[in-house]
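*Asks:* Let me give you the structure first, and then I'll get to my questions.
Each value in this text was obtained by applying a stated rule to the coordinates, not by laboratory testing. Note that the structure is predicted; figures quoted are calculated from it, not measured. Neighbour counts are summed over all protein chains in view; Cβ atoms, including those assigned to glycine, are modelled from backbone coordinates with ideal geometry.
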Amino acid sequence: MRLDYFNEKFDAIVPLSGGIDSTAALYKALKENPNKKYLVFRIDMVHGTSGHRTTREALATEQILNWLEEKGFDNFGFRELRIDYSALGMMPPVWDSEVVNFAASLVIQAKPEISQFVEGAIHDDYLEKGFDERLDKIEKILRLHTGKSLEELEFFFPLKDKSKVEVMRLLPQELLNLTWSCRYPKIVGPWEFGRCHECPQCGVIDKVIEEYPNEFPEGF
Ligand SMILES: [Zn+2]
């Protein structure tokens, strides 16, 4: 059973988009710290191009949390927030991670006992130009809006030494199959979403599958 948002005190907060990295960060944290209580939260980011993405990510998140519950994980609660900035046009004026951390700061204000933020950045992210600056900025967003010092709120990066393929290997295949990382899901048949194979996230996954052909579920 999930922990009750209103009655529980949580140790840490974990953003979950339903993608591979955030799912792996959550899975690893829950598994390795059974006595810690995690507040999982999802932001329904509605903007000019979010389209099917929010629907598909919501579906993935729900299935992932149900799977974790079925497997006996009982050290998490769940909360969902919607931020609609579609009035600002097609092109979101902010990075997803900035919106996520701003929303996280609201949750931490409501749950001030939270002393850890679980961040799903993986090793490959650090190789990207400008990633350190982005990380620094989103940490500042969180500190500014929560007023919490380094001692009061710690950042935890469970995947920072892992490459994409290592992160994918870390997840049981059943769980990996429930994740959704594509930014522009397409309707590929009646009642069926498929990956676009064109967005950067699909590019990364397709490259891993090409390099390790028999390792991951077919049609993933
Ligand atoms: Zn895609």
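*Asks:* Which members of region 184-218 meet the condition of being on the phi > 0 side of the Ramachandran plot and among the aliphatic types (A, V, I, L, M)?
*Replies:* None - no residue of region 184-218 is on the phi > 0 side of the Ramachandran plot and among the aliphatic types (A, V, I, L, M), so the list stays empty.
*Asks:* Tell me, yes or no, whether region 175-183 has at least one residue that is loosely packed, with under 13 Cβ neighbours inside 10 Å and over 14 Å from R56 (Cβ atoms).
*Replies:* Within region 175-183, none of the residues are loosely packed, with under 13 Cβ neighbours inside 10 Å and over 14 Å from R56 (Cβ atoms).
*Asks:* Taking the stated definitions as given, is G48 on the phi > 0 side of the Ramachandran plot and touching a helix residue (DSSP H, G or I) at 6+ places or on another chain (Cβ under 9 Å)?
*Replies:* Taking the combined requirement at face value, the residue does not satisfy it.
*Asks:* Does region 60-83 contain any residue that is closer than 20 Å to A121 by Cβ, crowded, with 20+ Cβ neighbours inside 10 Å and of a type in the set (S, T, N, Q)?
*Replies:* Checked against the condition, which is being closer than 20 Å to A121 by Cβ, crowded, with 20+ Cβ neighbours inside 10 Å and of a type in the set (S, T, N, Q), region 60-83 yields at least one hit.
*Asks:* I'd like the full set of residues that are in contact with an Asp or Glu (Cβ under 7 Å, 6 or more places away or on another chain), assigned to a helix (DSSP H, G or I) and not hydroxyl-bearing (S, T, Y), limited to region 39-60.
*Replies:* Hit for region 39-60 is A58, nothing else.
*Asks:* Looking at the structure I just gave you, is V167 more than 16 Å from the ligand (Cβ to nearest atom) and buried (at least 17 other Cβ atoms within 10 Å of the Cβ)? Full working, then the answer.
*Replies:* Details: more than 16 Å from the ligand (Cβ to nearest atom): yes; buried (at least 17 other Cβ atoms within 10 Å of the Cβ): yes.
Yes: the conditions hold for V167.
*Asks:* Only residues that are touching a residue at least 40 places away in the same chain (Cβ under 8 Å) and either hydroxyl-bearing (S, T, Y) or near the ligand (Cβ under 10 Å from one of its atoms) (or both): list them for region 172-203, please.
*Replies:* T179, W180, S181, C182, R183, Y184, P185, K186, Q201 - these are the residues of region 172-203 that are touching a residue at least 40 places away in the same chain (Cβ under 8 Å) and either hydroxyl-bearing (S, T, Y) or near the ligand (Cβ under 10 Å from one of its atoms) (or both).
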